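Below is one structure, written out as structure tokens; comments come after it.
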Amino acid sequence: VEFQRKQDIVQNWINSMLDKNPVVIINGGEPTINNYLLEMCSYTKEINPDICITINTNASTRTTQWWADLARALPKNHTVYFALDGLEDTHHLYRQDTDFNKIIEKEKKNLNKFKIPKTVKIQIFFIR
């Protein structure tokens, strides 16, 4: 019952947004820790396949399989921004419990292993 109530709230919010906005931007905090993100993206794509979804993430969460599921849940018109704070030698100063090299390697594996299509745009920002 609790999940259904949350799902209804999210779907109502998405429906109200789709009438007004051709773009949905998901950021703030770390959006990938939202347990409903895949469902939200799938539902949005189902309602409006031409919608643009942009997600900003630090890429420190989730498994390789989850990232592949996200790629399938997103519409063609989307961008996922990976914002890595710092470079290899300074990342640990800005982020706890993450590893710069592991994040880079994970994303390379995701692209290769799941043959993520060219429509997936991944941009990595390095913030010093």
Practice task
Convert each backbone phi in the range 76-88 into a coupling constant with the Karplus relation 6.51 cos²θ - 1.76 cosθ + 1.60 (shift: θ = phi - 60°), then list the ³J(HN,Hα) values in order as whole Hz, x for Gly and Pro.
Solution key: 4, 8, 7, 9, 10, 9, 9, 9, 9, 6, x, 10, 3
Exercise for the section: Take the Cα atoms of the range 1-102, find their three principal axes, and give me the spread along each one in whole Å, biggest first. Expected result: 45, 32, 23
Practice task
Would you kindly state how much longer the chain becomes between Ser16 and Ser42 on full extension, computed as 0.36 nm times their sequence separation minus their alpha carbon distance, in nm to one decimal?
Solution key: 7.7 nm
Practice task
Determine, for each peptide in 88-99, 36-47, the mean count of other beta carbons within 10 angstrom over its residues, then list the peptides with the highest first.
Solution key: 36-47, 88-99
Fill in the blank from the handout: Of the candidates Trp67, Asn101, Asn48, the farthest towards the positive dipole end of the range 37-104 (Lys/Arg Cβ +1, Asp/Glu Cβ -1, centred on the Cα centre) is Asn48
Problem - Theoretical FRET efficiency, 1/(1+(r/R0)^6), r = Cβ-Cβ of Cys52 and Ile9, R0 30 Å, to 0.05 - result: 0.85
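Read-outs: derived from the displayed coordinates by stated rules, not from any lab. Being a predicted model, the structure only gives us computed values, none of them experimental. Note that we place each Cβ from the backbone using ideal geometry, even for glycine, and neighbour counts take in every protein chain shown.
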